[in-house]
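Here's the structure we're looking at; comments come further down.
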Amino acid sequence: MKKGEPKKWTYLSLTAVVLLLAWLAYAVVHNHMPVKETVWALTPPIVAIALSLITKEVYSSLFMGILTGAFLNAGFDLVGTLNQVFQEGMLTVLSDKWNVGILIFLIILGMMVQLMNRTGGSAAFGQWASTHIKSRAGAQLATMLLGCLIFIDDYFNCLTVGSVMRPVTDKYNISRAKLAYLIDSTAAPVCIIAPISSWAAAVSGFVKGENGINIFVQAIPYNFYALLTLVMMVLIIWLRIDFGPMLVHEQNAENGDLFTTGITTEAAETLKKGEKIGRVIDLVLPIVLLIVCCVIGMIYTGGYFEDKGFVDAFANSDASVGLVLGSAVALLITIVFYLIRQSIPFADCMDCLPEGFKQMVPAMLILSFAWTLKAMTDSLGAAKYVAHLVEGSAAGLMNYLPAIIFLIAVGLAFASGTSWGTFGILIPIVVSCFQGIDNQMMIISISACMAGAVCGDHCSPISDTTIMSSAGAQCIHLNHVTTQIPYALTVAVVSFFSFLVAGFTKSAVLSLIFGIIILCLVLMMMRRRSLQQ
C-alpha cells in the first residue's frame, strides 16, 4: 500500500458517510420515512464496522457510527443529536452498574499484570517454559491449553493468557496477531461450552420456563462453531497451516518482526523496560488467586453463602460484581505477598497501579465507544427488527431453522459487537417457537444461536472480547480483526453446513463428524495453496 492511500481512503469513507447521512436526513424529514424497527436501525454499526475496516482506525470509526445513530434517533436535529451522543449515550452506558464493574475489573487486571511484570514473574515463567517448550508449535499449543483451562470468564481469559504467554510466544517468533487469535479462540468458544462460566450463567438466564443450566449442557454437543474452532486451532498448529493476512504476519514474525504494521504503545513500553527475572511463584500465585477469588466472588453474588447450591449460585451470579470483588481481593493479597517476599519495594508497587490503569485506557476507550454504539442501535429498535425476521422464518422452514438462526446470530453479533445481547434477543424467540412442541429442535436452535453469536463476536471489530484479546496480546486491534476474520469465516461456513445436517438428522455426533471432515479438507486445500505461494 502506498504512503498516501490510507489518507485517501479515509477521506473517501468519511465523504460517503456524510452523503449517506444527508440522503437519510432528506428521506426522513421530507418523506417521513420510518427508521426505527427497520433495516435502517442496523445503519450505525454497519457504518462503524465498514469505516474501521477501510480506514484501519477504530476510534473515529466507532464515533462516526455513534453519530449516525444519534442523527437517526434525533431526526437529524442538532441539539437532539448532541443529547443522544452524550446524555442518552455515553453518560448512560458509563453509569450502568454492569459496565462500570467491567471497567473496574479491567483496571484491576491491568494493575495485576503490571505487578507481575515488574516483579519479574512473567519473565520467570517464560524462562521456565522455555525449558519445557521446544518449538513454535509447542508454544502455540501451550497458549491454547492455558486458554482452555481459564474458562471462568472471557475477559479474565484474554488478559491473563496474554500476559502469561507473551514472553513465551515472543521467544519462538510467533506474531502478536497469531497470539491474539489463539487468545480470542480460547476465550468465548471455551466459555460457551463450559457449564461453570459467566457465559453459562448468562445463557441460562434467558431460557425462561426451563432449567437453564440443563438446557445449556444439552446444547454443548451441538455448538459446532465453538467445537470446530478448537479443532481448527489444533490442526493449524500441528500442520503449520496459515493463510490470508495471518500468513504474512507469521512469515514476518519468523524473520523477527512480531508486529508487521507497527508496535502498540503498551508493547513498546513492555519491551523497552527489559526483563527482570523473578520467580515463577510471582506469576503463578496471583493467577491462582485470581481464579479462586473470582469464582468465590461470582458464587457469592449468586447466593451460595445463603441457601443456594454451587450450580444454582453460578447460574444466578452477577458476573460483573463478582469479578470486581474477586479481582480486588486477589490484588490486595498479591500486594501483601510481594511485600512479604520483598519481590518489589512498596513505592514501586504503588507505581504499578497507575501504570496498570494506563495500559487499559485504549481498551476501555474502545469498550466505552462500543457500548455507546450498541445503545444507539438498541434505541433504534434493531432487536425488534431482527426478532420479526426470526419469527417470520419459522413457518415452513423447521429443518432449516438452526442454520438460519446461526446466520442471523452471526449478523446480529457482528453488527452489535455483543454475544450476550444476541442471546438476549434470539434465545427467548427460539424457546417460544419450540417449547412444548419439539424439545430436541429447541436445544439445537439454542445452540445455533450461541454458536452464531460467538462467531459474529469473533469477526466484529467492535466486540469487547475481540478488543480484550488485542489488549492481552498487545497487538494492534485491527491487525487482530483482519487476520482472524478468514479463520473465523472458514469455521463459520463449515458450521453452517453442520447445522443443516443437524436440522435433518438431529444427531450431534453425525453432524460434528461431518463438520470435522469438511474442515480438514478445507484446511488441507488452504495448506496446499499457501505452500504454492
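Read-outs: derived from the displayed coordinates by stated rules, not from any lab. Quantities reported herein were computed from a predicted structural model and do not represent experimental measurements. All Cβ positions, glycine included, derive from the backbone under ideal geometry; neighbour counts span all protein chains shown.
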Highest mean first, how do 511-522, 154-165 rank when packing is the count of other Cβ atoms within 10 Å averaged over residues? 154-165, 511-522
What percent does the relative contact order of region 403-508 come to when contacts are Cα pairs within less than 8 Å and at least six residues apart? 34 percent
Which entries of Lys97/Lys308; Lys384/Lys506; Lys97/Lys178 have Cα-Cα distances beyond 31 Å here? Lys97/Lys178
